Structures are given as C-alpha cells and as structure tokens.
Amino acid sequence: MAFRTAQGTIHGPLLNFGFATKTGTQTFGASSSYTTISGMTVNLALQHANNFFLVMAQLTIGCNSATSVIATLQANGSPIDALRGASDGNRIRSTSRSSQDGQYEAHTIPLIGMYSPGNTNTYAFTVGGSTNSGTFSVNRSHTSNNDTSRDSTKSFSSIQVFEFHS
C-alpha cells in the first residue's frame, strides 16, 4: 500500500509501530497552552533519517457548555509544527479543533499526520489538549451522572505511531 505525502509517495514497508490507550479519565482547567494527556505516550526512533512516522490519535473529551477545545500531536512534549495549521497572526495553531454546545456531550477529535524529523532520535509522541474556558474531561462528558444514560458513557482515547521506510 502506498501513502501520498507532501514529500511524495511512500511505497516502503511498515518497519515499526507503537500504541497507547487511555481508558481512565482526566480533567483539566482552561489554559492558553496545551496540557499533555497522561497515559498516551508512544516512544519510537526512526531506523533511518529519511523514514516517516505516521501518527494517528483520537481524543474523546467533554466540556462545559459553549466551549471550544483544541488538540495537537506532540513530540517530546512540544507540538509538532509540521502537523498543525499555518501561523496566522495571533491565532493559536492546532492539529484539530472541536466545539460543544452542551455539558452532556463528548466529542472524539481525530488527529493524524505524517512526520519526518530527519534524524534517528527517539521521540515520545503524545497528545495535548486545551480549552478556552471552564474545564475539559478526557473520556467522558463534562457532566456525568454515573447512570446508564448515553450521557454518562465512558469512552477511550488512543495514539498509534507507525514507521514507514521512505
């Protein structure tokens, strides 16, 4: 299977992979910076400096009413600039964004991108999230009644990282 990237088509085989899942919950307050989601770390190093990482994650979050949330893919605790929107004035850059209208909602945010750091260093891939007000909860709605309603469902979040030969 071939993958098309901005640098060309990758025909090579899958060389390595790692994954992590988070089934528990975590809650954060509003912040202008990203908070790293605990329990979702994949450590990998490229076998050759010309190879690529395919990084895929899903983050399920619930927030206060009328709240915006952003998420980004990170390497070694910092956002991966190649996997975020272009810089534009004072706008915050992210890999993905979502909004919520109700505190009983939970949204799954997809995050995906091809990353070629150009070296064989080891990278700790993680996901960071941020909300503009109130709090956000990972893997559940903001207001969970601990009952059998769909509003109280607990979900999971995950990250997968694959190395492909260039």
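The values are calculated or read from the model by the stated rules, or taken from the named source; none is laboratory data. Keep in mind it's a predicted model, so treat the numbers as computed, not measured. With ideal geometry, Cβ positions are generated from the backbone for all residues, glycine too; neighbour counts draw on all protein chains shown. In case anyone asks, the SASA skips ligands and DNA or RNA and just uses the protein heavy atoms, side chains included. Shrake-Rupley method; radii C 1.70, N 1.55, O 1.52, S 1.80 Å.
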Inset, instruction - With the checklist (1) assigned to a strand (DSSP E or B); (2) under 13 Å from Thr131 (Cβ atoms) in hand, flag the one item Ile92 doesn't pass. - result: (1)
Inset, instruction - Just one of (1) part of a strand (DSSP E or B); (2) surrounded by fewer than 20 Cβ atoms within 10 Å (Cβ to Cβ); (3) in contact with a Leu (Cβ under 8 Å, 6 or more places away or on another chain) trips up Arg97, so point out which. - result: (3)
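Filter the stretch 46-69 down to residues that are within 13 Å of the chain's Cα centre (by Cα) and open to solvent by 30 Å² or more (accessible area, probe 1.4 Å) and give me whichever is nearest to Ala30 (Cα to Cα). Break it down into steps so the answer makes sense when it comes.
Step one: of the stretch 46-69, the residues within 13 Å of the chain's Cα centre (by Cα) are 54-61, 69.
Those still in the list that are open to solvent by 30 Å² or more (accessible area, probe 1.4 Å) too: 56, 58.
Details: Met56: 25, Gln58: 20 Å.
This residue is Gln58.
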